[in-house]
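Please read the structure below before turning to the comments.
The values are calculated or read from the model by the stated rules, or taken from the named source; none is laboratory data. Remember, predicted model here, so these are calculated numbers, not experimental data. Cβ sites come from the backbone with ideal geometry, for glycine too, and all protein chains shown count toward neighbours. Calculation scope for accessible area: heavy atoms of the full protein, side chains included, ligands and nucleic acids excluded. Shrake-Rupley method; radii C 1.70, N 1.55, O 1.52, S 1.80 Å.
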Amino acid sequence: PFIGTEAAVAIGAWITEALCQAGYPAALKWPNDVVVQFYDRPVKVCGILLEERDGTVMAGIGVNIDHSPDISGMREETALEAGSLRAAAQVYDLPQPTVKNIWDLLLKNISSSYTSNIGQLCAWKPTAVQHLLWRGMPVALVDGEKQTAGILQEVGPSGELILETDGAPQVFLRGSIRYCG
């Protein structure tokens, strides 16, 4: 169901939806991270990388099930600290995750979402917008040396981020967002 740049956002939305259905307070951090709310702050529990080979898009999905990197081992410009689903399960009194049950959960949701969306452009978008971290809040989008502040509105049909800046929508296809509230 993908014709352009929307695959990472769509897959992130489907992973977020699967985790929410399992009881995790998950959200999509545009463009390709999934976070879980830990008390008053989001922590990254999943990242998605895409690669295209011979017209086929492959998704590499990394999920922190039992462990997460310590903040001291993260890149300096990292927007969020990392967390694990095991720690979130303890906080929210959920069953302890295993590789098998998380794999089954994600595979089932991604597969059924993909299959039901074939031939339907943008069918993934409402799920992405529903779970978008910091929607309606002030953020900064950082792209190299350039930084743009605005209110996060939504994602567009190509997976682009839409910020309201100076009262008008502005569209971005790359960068990293940080909360500015």
- Message: Being assigned to a loop (DSSP other than H, G, I, E, B) and either touching a Ser or Thr at 6+ places or on another chain (Cβ under 7 Å) or at negative phi (or both): is that true of Ala123 here?
- Response: yes
- Query: Pick from the range 165-175 the residues that are open to solvent by 40 Å² or more (accessible area, probe 1.4 Å) and of a type outside the set (Val, Ile, Thr): which of them is nearest to Leu49 (Cα to Cα)?
  - Reply: Arg174
- Message: If I filter the range 133-150 down to residues being open to solvent by 60 Å² or more (accessible area, probe 1.4 Å) and modelled with pLDDT of 95 or more, which single residue comes out as nearest to Glu17 (Cα to Cα)?
- Response: Arg135
- Query: For Gly119, are the conditions met, namely being at pLDDT below 95, more than 15 Å from Ile15 (Cα to Cα) and surrounded by fewer than 13 Cβ atoms within 10 Å (Cβ to Cβ)?
  - Reply: yes
- Query: Of all residues in the range 31-57 being farther than 19 Å from Ser113 by Cα and open to solvent by less than 40 Å² (accessible area, probe 1.4 Å), which is modelled with the lowest pLDDT?
  - Reply: Phe38
- Task: Report, by residue number, each residue of the range 39-72 that is more than 21 Å from Ser84 (Cβ to Cβ) and without any contact (Cβ under 8 Å) to a residue 12 or more places away in the chain.
- Result: Glu51, Glu52, Arg53, Asp54, Gly55, Thr56, Met58
